[in-house]
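S.K.: Following this message is one structure expressed as structure tokens.
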Amino acid sequence: MKPIHIIITILILCPLSQAQQKDPAKGGIATSSTPTVSYDVKPRGTVEKPLILRTYCPDPGVEDAVLGNHGKAAPTPKYSPRSGKDSKGIVQPINGIPAAIAVNHADELSYIWDTTECRLLYAWKDGFLDMSPYWGSNQGGRKGSRKGFGYTPKLDGILTYMTKGYHPIHINGKPVGIPSYLGHNRKNNLPTFRWSANKAVISTAITPISESDGGSLRVEYRAEGDASISYHGSNDHGIEQKAPNHLIVTITPDPAVAKFSKKKEKEFKGVTLARGEHLFTTYSCATCHSIDGGKNHGPTIKDLFGSKRMFGDQEITADDSYLYESIANPNAKIAPGYQPNFMPKFPMSADEINSLILYIKTFSKIHD
């Protein structure tokens, strides 16, 4: 989905400070023509007080049905400001989502709320947005400036959930249709989004579930007055109907969306090193498993193959079968010093797992 992006956004990041210096010839103060700015291109919030940022958001592959009320952009001829006319060539639409709100609860949860569809689009953990394509950087010069085109911020972290299909909420037994966004407010520092549809006003609050697997979240819906609401989304979610006008949906991480897409995976066949390297990148394995021996959420893969590990009184060699089991069933054997239920079970075939093992072996001194 590439929505129409005929939107002009003016960001007032901070006051510009101009360098000042004495001008001996005039005996006064002269200002340089180069303003300097100071800002963080990777802004963050906290679990208790999340950061709320309205911006042009990345599109990791959200289905067209999800963005049904958005327009769809089309390629256009290039335009030359110098001549005031169209020039040779075609400009493709920027792949992003306008009219969205990004929220960050530190590493526990980030998510995108769409104000056109009035619904959660996707969520991720261990990061937020890299705003350098949109805001530029403070490095100075052309290299550090904002991108003139393709300036959509980049997702930083691991995608855990992406919504599918039409709006999951029915109001008084009817689908949402075309909702209207009414704004959001903060209660106890947490955002609550208000919207209307079918002559009813709905409030939606999204919060991380810190006591469960990383990336789990809770979506709470409340209808004002005597309107009734029901959920018709994924059967994989936990649904608790508290009252006719109040329901809570619990969403756990989906390993299938650990990467934005697997478009290139179809190019690989069989068990190959190249396929293993691609999968290691696709599933963002380096986010938790370093390749240089550094400590992280999961064990490093440096010198992993052939090493010895103790599980209780049993010593186990990290051979092919151990690696296969650890990828196919991450909770089968938890390495000492690490927590269970952190690594999701990825939807990989036997050839994919064996290809990934080939790649892991290359970081060990002992390998085939």
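S.K.: Just checking, does the range 51-59 include any residue being assigned to a loop (DSSP other than H, G, I, E, B) and more than 16 Å from G150 (Cα to Cα)?
M.R.: Within the range 51-59 (the criterion being assigned to a loop (DSSP other than H, G, I, E, B) and more than 16 Å from G150 (Cα to Cα)), the answer is no, since none of the residues qualifies.
S.K.: Just a yes or no: is a residue in the range 183-202 modelled with pLDDT of 95 or more and under 14 Å from L247 (Cα atoms)?
M.R.: yes
S.K.: Out of the residues in the range 287-314 that are within 19 Å of Q339 (Cβ to Cβ) and free of Cβ contacts under 8 Å to residues at least 12 places away in the same chain, which is surrounded by the most Cβ atoms within 10 Å (Cβ to Cβ)?
M.R.: Here the residue is T300.
S.K.: Here's a follow-up. What is the residue count in the range 212-247 for residues that are closer than 30 Å to N331 by Cα, of a type in the set (V, I, T) and either out of contact with any Gly (no Cβ under 9 Å at 6 or more places or on another chain) or assigned to a loop (DSSP other than H, G, I, E, B) (or both)?
M.R.: Number of matching residues: 1.
S.K.: Restricting to the range 72-90, and then to whatever is closer than 18 Å to D59 by Cα and touching a Lys or Arg at 6+ places or on another chain (Cβ under 7 Å), can you tell me which residue is surrounded by the fewest Cβ atoms within 10 Å (Cβ to Cβ)?
M.R.: K72
S.K.: Being at pLDDT 95 or above and either under 28 Å from T287 (Cα atoms) or not assigned by TED's automatic domain parsing to the domain that holds N95 (or both) is true for just one of I206, I229. Which residue is that?
M.R.: After ruling out the rest, the residue left standing is I206.
S.K.: With respect to W113, is the statement that it is modelled with pLDDT of 95 or more, in contact with a Leu (Cβ under 7 Å, 6 or more places away or on another chain) and either among the charged types (D, E, K, R) or in the same structural domain as P244 (by TED's automatic domain parsing) (or both) true?
M.R.: In short, yes.
S.K.: Can you tell me which residue among K42, K22, K49, K88 is basic (K, R) and modelled with pLDDT under 80?
M.R.: When all the criteria are applied, what remains is K22.
S.K.: For the range 311-368, give me each residue that is small (G, A, S), at pLDDT 90 or above and more than 22 Å from H297 (Cα to Cα).
M.R.: Those that are small (G, A, S), at pLDDT 90 or above and more than 22 Å from H297 (Cα to Cα): S321, A350, S355.
S.K.: Please count how many residues of the range 212-248 are buried (at least 17 other Cβ atoms within 10 Å of the Cβ), under 20 Å from the mean Cα position of the chain (by Cα) and closer than 23 Å to T115 by Cβ.
M.R.: 3
S.K.: Pairs under 6 Å by beta carbon, first residue more than 24 Å from D130 (Cβ to Cβ) in the range 85-104, partner outside any strand (DSSP E or B), six or more apart or different chains?
M.R.: I90/P75
Quick grid of which residues meet (1) in a loop (DSSP other than H, G, I, E, B); (2) of a type outside the set (S, T, Y); (3) under 19 Å from the mean Cα position of the chain (by Cα):
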position: K164; (1), (2), (3): yes, yes, yes
position: H184; (1), (2), (3): no, yes, no
position: W195; (1), (2), (3): no, yes, no
position: S210; (1), (2), (3): yes, no, yes
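S.K.: What residue, of L51, L129, is buried (at least 21 other Cβ atoms within 10 Å of the Cβ) and not acidic (D, E)?
M.R.: Sole residue among the options that is buried (at least 21 other Cβ atoms within 10 Å of the Cβ) and not acidic (D, E): L129.
S.K.: Please go through the range 166-182 and give me each residue that is among the aromatic types (F, W, Y) and assigned to a loop (DSSP other than H, G, I, E, B), ordered by number.
M.R.: Residue satisfying the conditions is Y166 alone.
The values are calculated or read from the model by the stated rules, or taken from the named source; none is laboratory data. All of these numbers come straight from a predicted model, not from anything done at the bench. Every residue, glycine as well, gets a Cβ built from its backbone with ideal geometry; the counts of neighbours run over all protein chains shown.
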